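Trainee: The structure's right below; bear with me while I get my questions together.
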Amino acid sequence: MERKKKVILSGMRPTGKLHLGHLTGALESWVALQGEFQNYHLIADYHALTTNPDSSFLYQNSIDMLIDWLAAGIDPKISPMFRQSQIKEHSELHLIFSMLITTARLERNPTLKEQVRDLAMESLVYGHLGYPVLQAADILLYKGEVVPVGEDQLPHIEITREISRRFNAQYPVRVPIFPEPEGRITKFARLTGLDGKRMSKSIGNTILLSDAPDAIMKKMKTAVTDPQKIRKGDPGHPDICLVFSYHTKFNPAEVEAIRADCQAGKLGCVDCKTRCAQRIIEALEPHREKRAYFESHMDEVHSILDNGEQRAKQKAAETMNEVHAAMNMG
Ligand code: SF4
């Protein structure tokens, strides 16, 4: 008998075209896991409103992101991709869950503490406080058992587990409705941006997966390197060099030779960056080709999204039927 696959729920806020950090920090592991698990991929458009309530770009951003998911290898036949806003059950389950967790617990969430530190008090909205509750609804609606996350997201998974336990205890049925999902840390840490800060489109320090070769070459020239290596003959320190970390990811065959030549002052940063850009261009070539295919077959893209939303809706409705029955509110 075929073993039932565990369910993975993973998603991103729709920020439009994706960059290298998304590829190495999330997409590659999603693709690697899709045979072993049943994956659901959420376009978290409601979550995006937390930081910017302007919704005018959300649809186009969602489509741009979806195309990058497809180009990276997410298979729509086995992994539904869907917008959070189109599955109304997310909002309903969020409401139910909001009764099962105290505000004191949510105020202890480290991500909220960071936002309180970074934002003006008047910019903090209920959505910031309730973010992990909506996330719990996103995961548990599909009975997600595994959630690929960065380390900073682990506290949110813990809140999801607490809400799951609380619901199951409050509304007991023969087989508890919700699992307690585990966070799975993504293997390759998210790449740093070209300026040495967190890679982010809003900062403008990214290489997009859709960038043309000449754009990649141009951007790579701006990358920060070891500040002590001014001339080619200066001995460099690859372990503190951003470009070297890109070589580690995209140029594994040459990485040790580059380390040795950098340290010995035999390799200059200009040449090193050119080689790095070339490897990235080669690595992204299949992605650019697939992206171009989907951009010229938009009917297919819309139909993939439509199909993903129908499948997600079906699963969400099944879960909510169980929830209503357990709560005697059917
Ligand atoms: S030679 Fe390469 S690895 Fe060494 S400091 Fe320059 S860019 Fe970095």
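Trainee: Provide a single number: the residues in the stretch 276-291 that are near the ligand (Cβ under 9 Å from one of its atoms) and surrounded by fewer than 18 Cβ atoms within 10 Å (Cβ to Cβ).
Mentor: 0
Trainee: Could I ask something else about it? In this structure, does Lys77 turn out to be within 20 Å of Asp138 (Cα to Cα) and part of a loop (DSSP other than H, G, I, E, B)?
Mentor: No, not satisfied.
Trainee: Would you check which residues across the stretch 206-223 are within 12 Å of the ligand (Cβ to nearest atom), of a type outside the set (Gly, Ala, Ser) and buried (at least 17 other Cβ atoms within 10 Å of the Cβ) and list them?
Mentor: Within the stretch 206-223, Met220 is the sole residue that qualifies.
Trainee: Another question about this same structure. Of everything in the stretch 24-49, what is out of contact with any Ser or Thr (no Cβ under 9 Å at 6 or more places or on another chain) and assigned to a strand (DSSP E or B)? Give them in sequence order.
Mentor: Listed by number, the list is empty, since nothing qualifies.
Trainee: State yes or no: is Asp306 within 14 Å of the ligand (Cβ to nearest atom) and either closer than 26 Å to Asp64 by Cβ or more than 27 Å from the chain's Cα centre (by Cα) (or both)?
Mentor: Here the answer is no, as Asp306 does not meet what is asked.
Trainee: Moving on. Picking from Ile203, Ile230, which residue would you name as being within 15 Å of the ligand (Cβ to nearest atom), of a type outside the set (D, E, K, R) and at pLDDT below 95?
Mentor: Ile230
Trainee: Can you tell me which of (1) surrounded by fewer than 19 Cβ atoms within 10 Å (Cβ to Cβ); (2) small (Gly, Ala, Ser); (3) more than 10 Å from the ligand (Cβ to nearest atom); (4) under 27 Å from the mean Cα position of the chain (by Cα) is the one Ser245 doesn't meet?
Mentor: (3)
Trainee: Oh, and also: Could you list, ordered by first residue, the pairs with Cβ atoms under 6 Å in which the first is in the stretch 252-267 and near the ligand (Cβ under 9 Å from one of its atoms) and hydrophobic (A, V, I, L, M, F, W, C) and the second is part of a loop (DSSP other than H, G, I, E, B) and at pLDDT 95 or above, at least 6 apart or interchain?
Mentor: Cys262/Gly236
The values are calculated or read from the model by the stated rules, or taken from the named source; none is laboratory data. Worth saying up front: this structure is predicted, and the values here are computed from it rather than measured. Here the Cβ is made from the backbone with ideal geometry for all residues, glycine too, and neighbour counts use every protein chain on show.
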